[in-house]
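Trainee: This is the structure, below, for whatever I ask next.
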Amino acid sequence: MSDSIVFDDEGFPSLCIAKDRGEDGVSLPSMEIVAKSIFRLDYNECPISAFNLVSSPQGQFSGIYMQTKPHVFGIMLGEECNPFLYRGENKKYDDFVPGSKRYDFSKPDTELTQCIDWIKKQEFLNLFKQSPYYNRCRKFSVLDCNYDFDLEAVAQHYGFVTNYIDVTKDLFTALFFAYTYKDCNGQYHPVSDFSEYSPMLYTANMQMFDDAILEQIKIIGFQAVLRPFKQKALAIDTSILGAKKYFSAWELPKDYAVSNAIFEHFYKGLNLFPNEIISCHAENIRKDKRLDTFLLKDYCVSHKLDFINICEKLKKSGIKITDLRYNFSPAELCVMNTDISSGIIPFLESKIAYRGVCKMAEL
């Protein structure tokens, strides 16, 4: 058993990279330090950076531990010293617009749609918090930081409406979203009608980011579940719009052979959207014609709406209001626990790097 693995209070193995394994007085790098130090064009010639971050052979690791908040770490997946972020869109839009800002309130049913979307997201997150992924991975520790989930990011990747827009450290993942479209059933297809679609690739160099955009970047990468992992995901919190100005726009070739090749490269999307326990539950929640009574009451209070009136409108639209609770089966819990012990912990221990940075670097 590795010296970085301990057991939690329930007897499950957990990840613990202790502070005394590194030099005295070191901590995990922040986004600002990563953007300005680890990502260096002369990386191969400069194994020790100006901030005393010691590098490793290129390709040895699949990601890096980072401090996302005081005493909290996240994991940014992807080629460690690649400073570029990518986003693919199948049309050219004026700005990056998250799902939460796409509602058209000129349509009569939009108020109900927004209500349903919010409740569905909360139902999903309440279920996710029951999972071993959530309860065990939050006990992971690296240096003086503990792991915490970005629940908005988890919801985003499983089809629920948030303030986030997706970006990635993987160019081909961005190309997939540039060259595909999603039908009304949520299935992806390669773009063939280039009179309707115009594939776009957006690129940004994190070394050029100022503090304003760095504060909006969310380190998604590892969230224990597969979709963010497969997509090498980051996100931008666009509660305030304007992130697009940091990206360069590239019009891609309008060629079905290209779109189909990208589609097939990801096995028709299965590589990016693998079938897993969490994704199956997310789909069931989105399709369910029931809503939780208590969450509906919370929504009405926070949005200053009349509960009885909203209930009547929802019932007329075919929605049933009930005391709804989603749960995992014992077999599903067993699968997730095995995945953490036999898959996630060994992967993090062997393929994710921690870069101890001296305190002087933060001055």
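Trainee: What is the gain in length, in nm to one decimal, between A18 and N135 on full extension, counting 0.36 nm per residue of separation less the C-alpha to C-alpha distance?
Mentor: The A18-N135 span can extend by a further 40.1 nm.
Trainee: Would you tally the net charge around Q122, using a Cβ to Cβ cut-off of less than 15 Å, leaving Q122 out, and scoring K and R as +1, D and E as -1? Intermediate results must be reported in sequence, preceding the final value.
Mentor: Details: positive: K120, K121, K129, R286, R290, K297, R325; negative: D117, E123, E152, D288, D292, D298, D323.
Spelling it out: positives minus negatives among the neighbours equals 0.
Trainee: Please compute the length gained on full extension between D148 and A261, using 0.36 nm multiplied by the number of residues separating them and subtracting their Cα-Cα distance. Show your work: numbers first, answer last.
Mentor: Values: separation 113, 0.36 × 113 = 40.68 nm, distance 3.71 nm.
Gain on extension, D148 to A261, equals 37.0 nm.
Trainee: While we're looking at this one, here's another question. Given the C-alpha centroids of segment 133-186 and segment 317-361, what is the distance between them in whole angstrom?
Mentor: Taking the Cα centre of segment 317-361 as reference, the centre of segment 133-186 is 12 Å away.
Trainee: Continuing with this model, one more query. For the chain, which whole percent of the accessible surface, found with a 1.4 angstrom probe, sits on carbon and sulfur atoms? Walk me through the numbers before you get to the answer.
Mentor: Working: 9370 of 17800 Å².
Carbon with sulfur: 53 percent of the solvent-accessible area.
Trainee: Report, in listed order, any pair from K69/K268; K182/K254; K121/K315; K139/K287; K101/K289 with a Cα-Cα distance greater than 29 Å. Provide the component values of the computation, followed by the final result.
Mentor: Details: K69/K268 37 Å; K182/K254 18 Å; K121/K315 20 Å; K139/K287 33 Å; K101/K289 24 Å.
Over 29 Å apart, Cα to Cα: K69/K268; K139/K287.
Trainee: A further question follows. Would you tally the net charge around A155, using a Cβ to Cβ cut-off of less than 14 Å, leaving A155 out, and scoring K and R as +1, D and E as -1?
Mentor: On the way: positive: K120, K121, K129, K218, R227, R286; negative: D117, E123, D150, E152, D166, D237, E283.
The answer is -1.
The values are calculated or read from the model by the stated rules, or taken from the named source; none is laboratory data. Note that this is a predicted model, so its numbers are computed, not measured. Neighbour counts are summed over all protein chains in view; Cβ atoms, including those assigned to glycine, are modelled from backbone coordinates with ideal geometry. What goes into the accessible areas is simple: the full protein's heavy atoms, side chains included, and nothing from ligands, DNA or RNA. Shrake-Rupley method; radii C 1.70, N 1.55, O 1.52, S 1.80 Å.
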